[in-house]
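For reference, the structure discussed in these notes is given below.
The values are calculated or read from the model by the stated rules, or taken from the named source; none is laboratory data. Note that the coordinates shown come from a computational prediction; the quantities given were computed from them, not determined experimentally. Here the Cβ positions follow ideal geometry from the backbone for every residue, glycine too, while neighbour counts run over all protein chains shown. When the accessible area is computed, the model is the full protein with side chains, heavy atoms only, and any ligands, DNA or RNA have been set aside. Shrake-Rupley method; radii C 1.70, N 1.55, O 1.52, S 1.80 Å.
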Amino acid sequence: MKSSSFRSESDQLLELARQKTLAQAVLLTGAADVMDALYDPVAHALLCERDAGTGCGCRSCSLVLADHPDFVELEPSSKTIGKDAVRDAVATLAAGPVWSPAKVIAIRPADALGREAESYFLKHLEEPPPYVHYLLYASHLDAVIPTIKSRCQIWRLRGGADSAAAERDWVQALRAEPLTSNLLIDAVRWVRQRYRQTGDPVWLSVWDGLQASYRQLEA
C-alpha cells in the first residue's frame, strides 16, 4: 500500500494549496476543530508569495489574514450573510491581486448565506477570475444549495473517532511497510497536523522520533 493513501484530508488540502493547484472554489465540511485548524494555513498557503514552505518569511505569510489586502472574510453580521456583504467582497476582485498570486474570499459559514446572497454569489461562482480562490466552510452541508455545491470541490474533513481510526492506520503502516523517506515525510506531516489540532505535547515526541528515523535513513 502506498504511503500517500494514509495522508489525512487536511494534509492533502494543504499540499494542494501550497502547490497552487487547489480548485478555485472549495467547500469544506466536517469536524469544526479541523476546519478551524485549517483556516489560516490554507489561506496563507494560497496567498504565499514564495513556496508556502514551513517558516516562510514573505510578507503575505507574516501578516495576519485580517490585514492582508488580498484576503476577504465573510461572516454573519447577525444570523446570515447578506447580499450587500457578498457584493462588496466580489467588488474587490476587479482590480486583481495586490501582493499575492491570488485573491482569497473565505465564507464562514457558507450555510449562513441568505437567499439573495446565494443567488448573487452563484453568478460569480460560475465564471470566477483565474486568480480568485473561494474557501467555503459549512457546518451543515445540506444547508448549502445544490447549485453552489455543484460548482465547488467538496472536502469532508474527519475528526474525533475518524481521526483515531486514521491514527491506527498510520501506526499499522509504519509497522507493516518498509520505511522509506516518503513514508516518513508523510508521517511527519500528519503528526504535525495532529499537534496543531490537539496541542498535545506527546505529538512533539512522536515528531522528534520520526525526524530522527528520517535522518538515520538518509545517512
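The table for this structure:
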{"item": "For His140, solvent-accessible area (1.4 Å; no DNA, RNA or ligand), Å²", "result": "120 Å²"}
{"item": "Heavy-atom SASA rank of Asp111, Asp33, Asp70 (probe 1.4 Å, accessible area, largest first)", "result": "Asp33, Asp111, Asp70"}
{"item": "Amide H partners (placed H, <5 Å) of Leu28, local residues excluded", "result": "Leu136, Tyr137, Ala138, Trp155"}
{"item": "Tensor-based shape of the stretch 41-131 (alpha-carbon gyration tensor, a/c under 1.5 rounded, otherwise prolate or oblate)", "result": "prolate"}
{"item": "Centroid-to-centroid separation of the stretch 8-33 and the stretch 93-157 [C-alpha atoms, Å]", "result": "14 Å"}
{"item": "Sparse-neighbourhood loop sites, trypsin sites (Lys or Arg not before Pro) in the stretch 49-96 - DSSP loop, at most 12 other Cβ within 10 angstrom", "result": "Arg50, Lys79"}
{"item": "Residues whose placed amide H lies under 5 Å from that of Tyr131, excluding near-sequence neighbours", "result": "none"}
{"item": "Accessible area in the full protein assembly, largest first, 1.4 Å probe, for Trp155, Trp207", "result": "Trp207, Trp155"}
{"item": "Full-extension gain in nm, Val64 to Ala32, via 0.36 nm per residue minus C-alpha separation", "result": "9.4 nm"}
{"item": "The stretch 26-69 - accessible surface per residue (Å², probe 1.4 Å)", "result": "42 Å²"}
